[in-house]
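Below is one structure, written out as structure tokens; comments come after it.
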Amino acid sequence: MLRHIVFFKLNDPTSEVLQETKRVLMNMKGKIPELLDIEVGIDVVRSERSYDVALTTTFESLEAMNAYQIHPLHLEVSQYIGTVRQSAVAVDYHI
């Protein structure tokens with residue numbers, strides 16, 4: 001099993017943009033076969049070192065995650081994220 005975690009810092013982290021970003025990310029749930037689990041959280045602390053949105057996803061393997069990366073729905077989501085994201089960091093590890 002593989003866990004993929006991404007933190008996003010948004011250009012304009014208003015409530016509306018945060019909620020829309022969460023909605024867009026969660027829209028992948030149940031629609032990409034390789035995506036076993038997804039969780040999206042919005043930061044509540046809002047400190048200087050905080051990122052705005054956390055995405056946690058689970059896959060059976062690295063190969064499954066690679067297939068998810070090129071799935072048409074994920075590509076659409078990535079395109080949206082590119083319009084609202086200032087920066088992102090990720091960690092991928094075996095569980």
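The values are calculated or read from the model by the stated rules, or taken from the named source; none is laboratory data. Quantities reported herein were computed from a predicted structural model and do not represent experimental measurements. FYI the Cβ positions are ideal-geometry reconstructions off the backbone, even for glycines, and counts take in every protein chain you see. Each accessible area value is taken on the protein alone, full model and side chains, heavy atoms only, with ligands, DNA and RNA left out. Shrake-Rupley method; radii C 1.70, N 1.55, O 1.52, S 1.80 Å.
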Cβ-derived FRET efficiency at R0 22 Å, Ser87 paired with Ala67, nearest 0.05: 0.30
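Leaving ligands and nucleic acids out of the surface, order Lys22, Lys29, Lys9 by accessible area at 1.4 Å, largest first.
Numbers: Lys22 70, Lys29 120, Lys9 45 Å².
Largest accessible area first, the list is Lys29, Lys22, Lys9.
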Total charge dipole magnitude, the chain, about the Cα centre, Cβ charges on Lys, Arg, Asp, Glu only, Debye to nearest 20: 140 debye
Reachable lysines from Lys9, criterion Cα separation under 19 angstrom, eight or more residues apart if same chain: Lys22
Average Cα contact separation per residue, the chain, under 8 Å, 6 or more apart, as relative contact order %: 49 percent
Percent accessible area from carbon and sulfur atoms, the chain, protein chains only, probe 1.4 Å: 53 percent
Charge dipole (the chain, unit charges on Cβ, about Cα centre) - positive-most of Leu35, Leu55, Gln86: Gln86
Inter-label distance for Lys31 and Val17, nm, one decimal - labels placed 7 Å from Cα along Cα-to-Cβ: 2.2 nm
Placed amide H near Arg85: partners under 5 Å, 5+ positions off or other chain: Asn11
Average accessible surface area per residue within region 9-51, 1.4 Å rolling probe, Å²: 67 Å²
Value of [θ]222 nm, deg cm²/dmol, for the chain, DSSP H segments ≥ 4, -39500 (n - 2.57) each, nearest 500: -10500 deg cm²/dmol
